[in-house]
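The values are calculated or read from the model by the stated rules, or taken from the named source; none is laboratory data. From a predicted model like this one, the values you see are computed outputs, not experimental measurements. A quick note on method: Cβ atoms are made from the backbone with ideal geometry, for glycine too, and the neighbour counts reach across all protein chains shown.
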Amino acid sequence: MAKKKTATLRRQPQQERGTRRITELLDAADRVFAQVGYEGATTNAIAKEAGASVGSLYQFFPDKEALLLALADRYRSALHEIHDRVFTAETARLPLAQLYDLVVETLAGFYAAHPGFRSLFYGSTTTPALAAAAATLHEECVQRVEAMMAHGLPHASPARRRLLADMNVTALKALLPLAEASNARCRAEVLAEIKRMLHAHMQAVMQCETMRE
């Protein structure tokens, strides 16, 4: 028999104070999961990181998995907002260098604000539900980028646009953590190199497609 999915919240907050406490606990879980991984994290450590008692944590979350699922929901919501704002027909018409500057800086900001995201979603996936969520997020990103490429590469085949979109998404997933592992000065240099690499590749692709027309 399949294991029953753990409820995310034990009870819904009735006051602003409760909502604020949930935010603090999820922020703490984000940091603790980033530091020691899901398996190494404990509810005691998360409560301590949040400046709360473990009893306060259990008022809202029945266990560690509930924290994980709630945090995953928050990641997805934040990324969907980014997708809606960045991957649009309007931004697709920006000059290529400006487009990559927007995309790389926005996603780098997301990684910096959510330190546990990569280890939970793209490290050793913790639960089947999280593995499925990671695959869905990747597919959503690829589809958004592929739709944008229809503007810049209108004569490329759908299969080629799909390949290029997947390469861009996979490259960013692999390279952005390098920036977060660096100090402020090195971070800026890493981000500049990521932009330069992606821009040079896509510029060459666009030139080749133009020559084929």
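Details
- Among the helices (runs of 4 or more DSSP H) confined to segment 72-172, the ones with at least 2 residues that are among the aromatic types (Phe, Trp, Tyr) and out of contact with any Phe, Trp or Tyr (no Cβ under 6 Å at 6 or more places or on another chain) are located at 96-113.
- Subset of segment 174-213 that is in contact with an Asp or Glu (Cβ under 8 Å, 6 or more places away or on another chain) and among the basic types (Lys, Arg) - its residue that is surrounded by the most Cβ atoms within 10 Å (Cβ to Cβ): LYS195
- Matching residues, segment 1-47, being touching an Asp or Glu at 6+ places or on another chain (Cβ under 6 Å) and either within 20 Å of PRO128 (Cβ to Cβ) or at pLDDT below 90 (or both): THR6
- Any pair with Cβ under 7 angstrom, 6 or more apart, that starts in segment 36-61 at a residue that is not assigned by TED's automatic domain parsing to the domain that holds GLN15 and acidic (Asp, Glu) and ends at one that is surrounded by 18 or more Cβ atoms within 10 Å (Cβ to Cβ) and assigned to a helix (DSSP H, G or I): none
- Of all residues in segment 98-107, none are outside the structural domain of LEU153 (by TED's automatic domain parsing), touching a helix residue (DSSP H, G or I) at 6+ places or on another chain (Cβ under 7 Å), among the aromatic types (Phe, Trp, Tyr) and within 30 Å of LYS195 (Cβ to Cβ).
- Looking only at segment 95-117, residues that are in contact with an Asp or Glu (Cβ under 9 Å, 6 or more places away or on another chain) and surrounded by 15 or more Cβ atoms within 10 Å (Cβ to Cβ) come to 6 in all.
- Enumeration of residues in segment 42-56 that are hydroxyl-bearing (Ser, Thr, Tyr) and either assigned to a loop (DSSP other than H, G, I, E, B) or closer than 10 Å to ARG31 by Cβ (or both): THR42, SER53
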